[in-house]
1. Roughly how big is the A-B contact, given as buried accessible area in Å² (both sides, 1.4 Å probe, nearest 100)?
2. Could you tell me which chymotrypsin sites (Phe, Trp or Tyr not before Pro) in region B:1-96 are loop residues by DSSP with no more than 12 other beta carbons within 10 angstrom of their beta carbon?
3. Under the Karplus relation 6.51 cos²θ - 1.76 cosθ + 1.60, θ = phi - 60°, what is the ordered set of whole-Hz ³J(HN,Hα) values for region B:283-296, x standing for Gly and Pro?
4. What does DSSP give for chain B in terms of the percent of beta bridges that are antiparallel, rounded to the nearest 5?
5. Mind checking A:187-198 for the average number of partner chain beta-carbons within 10 Å of each residue's beta-carbon?
6. With every protein chain left in place, what is the accessible area of A:Phe266 in Å² (1.4 Å probe, nearest 10)?
7. With all protein chains present, how much of the accessible area of the protein assembly as shown (probe radius 1.4 Å) comes from carbon and sulfur, to the nearest whole percent?
8. Using a Gaussian network model of chain A whose springs link C-alpha atoms within less than 10 Å, name the residue from A:Ala20, A:Ala136, A:Ala260 with the highest mean-square fluctuation.
Amino acid sequence: MKPIDNRAWLLVLPVLVLVAFSAVVPLMTVVNYSVQDSFGSNEFFWNGIGWFDDLLHSERMWDALGRQILFSAIVLLIEVPLGILIALHMPRKGFWSSLCLVLMALPLLIPFNVVGTIWQIFGRVDIGLLGRAVAALGIDYNYTRDAIDAWVTIVVMDVWHWTSLIALLAYAGLRSIPQAYYQAAEIDQASRWAVFRFIELPKMRGVLVIAILLRFMDSFMIYTEPFVVTGGGPGNATTFLSIDLVKMALGQFDLGPAAAFSIMYFLVILLVSWAFYTVMTNLDREEGPR
Amino acid sequence: MARITLRNLAHSYLAQPRGEEEFALKELDHDWADGEAYALLGASGCGKTTLLNIISGLIRPSQGRILFDGHDVTDAPTAARNIAQVFQFPVVYDTLTVRDNLAFPLRNRGLPPAQVAARVQAVARMLGLEESLPRRARGLTADAKQKISLGRGMVRQDVNAILFDEPLTVIDPQMKWELRTQLKALHREFGHTMIYVTHDQTEALTFASRVVVMHEGRVVQIGTPQDLFERPAHTFVGYFIGSPGMNVLPARVEGDRAHLPGGAIPLGRGYAPLSGRTEIGIRPEFARLSATEGLPVAIRRVEDVGRHRIVRADLGGRPLDIVLPEGGPLGPDMTRVTFDPAHVGVFADGWRVEGEAAR
């Protein structure tokens with residue numbers, strides 16, 4: 001039998017300390033705030049689950065959550081098919097393929113607040129190229145006044161910013177398909193749609209699961225770009241969860257409700273991501289060996 | 001089913017080939033008889049897959065024509081040629097069931113469902129896939145997947161030819177044997193024209209009734225397994241086929257004698273004066289060790305491979321293999337070798353020269 005030396009556990013200690021300080025302690029601080037009320041001067045009073053209760057009955061929070069879900073849904077529904085479509089039409093090899101890859105990667109390299117600023121200026125009716133052009137077409141467009149215009153601007157911005165990520169991942173998936181599959185499909189007289197449905201899509205599924213998961217989490221937590229473009233307006237039309245949270249925590253300095261909000265926000269993302277991942281991997285297993 | 005004719009066919013992967021060496025497939029004329037089982041045999045990179053892909057229409061040849069039963073199909077797409085191809089790595093549609101995989105080519109061609117179901121059932125029975133029909137193709141073993149690829153070809157009753165591109169590479173040795181036997185049985189039963197690409201001589205010789213040997217983009221010999229063994233048309237064929245391969249020795253040929261280092265040997269036939277590089281080829285099976293007659297050799301080592309022993313010897317600085325039949329005598333004094341004159345071939349610049357009957 002091998003000797004067991006429990007002192008080996010000491011080697012894990014640095015990691016434990018690191019994780020404690022980087023994740024556990026801050027999270028517990030937030031938990032601590034979420035069950036207390038403060039009237040300033042660092043005095044705290046026990047409030048139990050009061051803030052959570054308030055939050056669940058807060059119309060403001062439900063509205064923000066609704067907007068958030070709608071935003072993530074729209075963005076995913078546009079970016080995933082569009083990204084796949086772009087990947088299918090990218091050149092397979094040679095100079096043009098390299099050029100495409102570089103061009104596609106560019107939006108991903110731009111800092112978030114710069115993206116916001118670019119579109120903020122781009123869409124302005126007085127000096128922005130897009131704003132002026134749309135106005136010149138006779139369309140009444142103004143993202144600072146009209147809620148729909150603001151949504152369209154933000155969705156288009158997000159699509160511009162992030163479709164590349166899906167396209168690049170899908171492209172990598174497509175490139176890994178051996179040529180023989182396409183040849184066999186040709187011999188079987190498969191239509192273009194059948195090639196996509198029965199060869200390309202199944203082979204891309206692994207990377208698509210990752211891509212969708214990443215895009216869901218990111219879009220659900222979006223803050224910087226819409227904040228720079230619309231500041232959550234007009235009215236509350238583009239006030240997503242994170243924008244609302246910052247307003248609550250830093251604007252109004254309501255630490256207790258903001259902490260409760262943070263915890264719920266975190267749990268929602270965790271829950272949805274976990275559910276999504278579990279469903280996808282279970283599908284995988286069902287199709288695997290029995 | 002069809003007779004496939006290749007006329008002046010050649011292919012280069014370059015748009016503007018300069019000179020013959022840039023052709024992956026050198027000019028070739030050949031008729032593939034209807035219903036025959038062929039093997040395309042050659043080392044990796046000799047152009048056999050190129051030739052196969054030209055026949056299936058996945059590659060358009062740089063020059064020449066392809067005819068199916070006399071109809072020119074050079075410019076016809078793969079789908080219009082009505083051929084089936086089985087690839088080196090099993091190609092199956094992962095997310096579909098075995099049944100749907102087999103039905104796929106038929107459904108794409110718009111066959112009525114009842115007919116599709118009947119064909120799928122029949123093919124599954126032939127290949128022993130009946131029990132896995134409702135399963136998804138994804139979780140199956142490599143050989144089962146390869147059977148599905150094969151089945152997708154067989155399911156179309158009217159295919160002109162079935163092409164195999166090293167189909168047993170990823171299959172376990174035991175299953176290899178079984179699948180090959182099954183292929184032969186299917187060929188006997190249905191009489192499809194089959195072309196089977198391989199670099200494994202055992203596979204080629206056991207599967208095919210005619211073997212096409214390729215070397216550096218050129219077809220060097222087409223013949224029955226026996227032809228290839230007894231009368232190789234090129235030293236490459238002699239060397240490539242047989243285990244160990246044919247001994248090739250540089251020699252000076254004069255009439256019906258060949259001069260080798262250490263002496264002259266008789267040939268079965270007489271030869272006119274030859275130009276170029278002359279060699280003689282002798283299979284290890286037709287060389288004999290002797291104590292008293294023949295050319296002196298130095299014996300390096302003896303390998304016992306079970307059925308017989310292989311003697312690795314050295315004749316004037318050139319390696320020479322001799323196959324010793326089971327129980328054949330082998331002693332320290334047996335340091336001379338004789339060749340069976342009837343089985344000594346003469347080659348000029350690599351190609352076989354036919355002699356005239358000895359006077």
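The values are calculated or read from the model by the stated rules, or taken from the named source; none is laboratory data. The shown structure was predicted, so the numbers you read here are calculated from the model rather than taken from an experiment. Backbone-built Cβ (ideal geometry, glycine too); neighbour counts: all protein chains shown. Surface accessibility is based on the protein's heavy atoms, side chains included, excluding ligands, DNA and RNA. Shrake-Rupley method; radii C 1.70, N 1.55, O 1.52, S 1.80 Å.
1. The contact between B and A buries close to 2100 Å².
2. Qualifying residues, ordered by number: B:Tyr13.
3. Running phi through 6.51 cos²θ - 1.76 cosθ + 1.60 with θ = phi - 60° gives 6, x, 5, 10, 9, 10, 8, 8, 8, 10, 10, x, 8, x Hz.
4. On the way: 60 of 78 bridges.
In chain B, DSSP labels about 75 percent of beta bridges as antiparallel.
5. The shielding value for this peptide is 6.
6. For A:Phe266, solvent-accessible area is about 100 Å².
7. Details: 19740 of 32560 Å².
Carbon and sulfur: 61 percent of the exposed surface of the protein assembly as shown.
8. Looking only at A:Ala20, A:Ala136, A:Ala260, the largest GNM fluctuation is found for A:Ala20.
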